[in-house]
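**Q** Provided herewith is a single structure, encoded as structure tokens, for subsequent inquiry.
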Amino acid sequence: MVKKLFKHEFIYYFRTFGMFLPIVLAISVVTRIFRLFSGKNVISQIAIGSSTLMLVLACVALLLLSTVISVVRFYKNMYSAEGYLTFTLPVTNEQHIFVKLITALACHAICTVTVIIAACIALSGKLLGDVFDIFLITFKTVGANFGTVNTVIFAIELVLMMIFSVTQTLLLYYACITIGQTAKKNRIIMAVAAYFVYYAATQAIATVFMIIFTVLGISGAFNGIAMWLENNMIIATHIYFGFALIFSVVMTGVFWLVTKKVMTKKLNLE
């Protein structure tokens, strides 16, 4: 049954995004053609500028749309009238969340790859070569300063942080939607309120820690730590990435548990 759920989810996303992906790629091809035949006349410059602007807007819209549609899909399929059919399936709540999350992440990955391909098409030629040269020079510079092994580990840590960051964000939206569906009326407003409560709480905690660290920094309590960090930059960077990754993993687990708990104990379909 889980395989069938995956099948139906991917079919839904394919039908939704099937026409958007080729459009973005088509705009990138048009942009590349305008660049190939570019001249110094005003019409040529306007054509290049307009197509480039359209491509940027299309890429941004595609990435935003992937998030919006995955969130809307979760709400409609789980808590609207469709939920009466969804929850009669021989599938656990954990499996429902897992399927929704994995397909949404796959959708995000496909959209991201499409944006990268579109950028490569539009920038193909000398400009694209210059971009790759910049990345290569940056990698070599970091490698020369930190070593090849540490540079590769840094890259892996960054990729994992990005993956868990997207996962954490999706599960945050799922948790807020799940909390919102417990309301008898104005569920969307309740979900938005749940998000703002989370946002306000995180900002307040961050502000408190910032004040504490500022006061301790002024008092000189961090002088020894600052000296150690300066002398052990590689280890300090790994520690920073490690804590950031652990925090993201923990918050991902928290949002997963909140979604599962509320969905199981306080399910309230339309």
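None of the figures in this text is laboratory data; all of them are computed from the coordinates on show. Computed from a prediction, not measured in an experiment: that's the story for all the values here. When we count neighbours, we look across all protein chains shown, and the Cβ atoms used for this are built from the backbone with ideal geometry, even at glycine.
**Q** Where does the chain land at 222 nm, in deg cm²/dmol rounded to the nearest 500, when only DSSP H runs of n ≥ 4 count, each adding -39500 (n - 2.57), divided by all residues? Mind dumping the intermediate values first?
**A** Details: 10 runs with 235 residues, N = 270.
That calculation yields -30500 deg cm²/dmol at 222 nm.
**Q** What net charge do the residues around I11 carry, taking every other residue with its C-beta under 13 Å from that of I11, with Lys and Arg at +1 and Asp and Glu at -1?
**A** Values: positive: K3, K4, K7, R15, R73; negative: E9.
Neighbourhood net charge equals +4.
**Q** Could you work out the relative contact order of the chain, using alpha carbon pairs under 8 angstrom and six or more residues apart, expressed as a whole percent? Can you show the working numbers first?
**A** Details: 184 pairs, mean separation 65.6, N = 270.
Relative contact order of the chain: 24 percent.
**Q** Measuring from centroid to centroid over Cα atoms, what is the spacing of region 151-174 and region 60-128 in Å?
**A** 16
**Q** Report relative contact order for region 154-218 in percent, whole number only (criteria: Cα-Cα under 8 Å, sequence separation at least 6). Walk me through the numbers on the way to the answer.
**A** Values: 25 pairs, mean separation 12.4, N = 65.
Relative CO of region 154-218 lands at 19 percent.
**Q** Moving to a separate point now. For the chain, state what percent of all Cα-Cα pairs lands in each successive 10 Å bin, counting from 0 Å until the bin that includes the largest distance.
**A** P(r) over the chain, rounded to whole percents: 6, 20, 24, 24, 18, 8, 0.
**Q** With a length cut of 20 Å (Cα positions projected on each helix's long axis) and a Kyte-Doolittle mean of at least -1.0, go through the chain and give me the DSSP H helices that pass.
**A** Working: long enough: 2-17 (22 Å, -0.16); 20-36 (24 Å, 1.93); 42-79 (54 Å, 1.59); 93-123 (45 Å, 1.59); 126-146 (29 Å, 1.01); 148-180 (48 Å, 1.70); 187-219 (48 Å, 1.73); 233-265 (47 Å, 1.38).
Answer set is 2-17, 20-36, 42-79, 93-123, 126-146, 148-180, 187-219, 233-265.
**Q** When ranked by the protection proxy of mean other Cβ atoms within 10 Å per residue, highest first, what sequence do the peptides 257-266, 104-113 form? Can you show the working numbers first?
**A** On the way: 257-266: 16.1, 104-113: 17.7.
With the highest mean Cβ count within 10 Å placed first, the list reads 104-113, 257-266.
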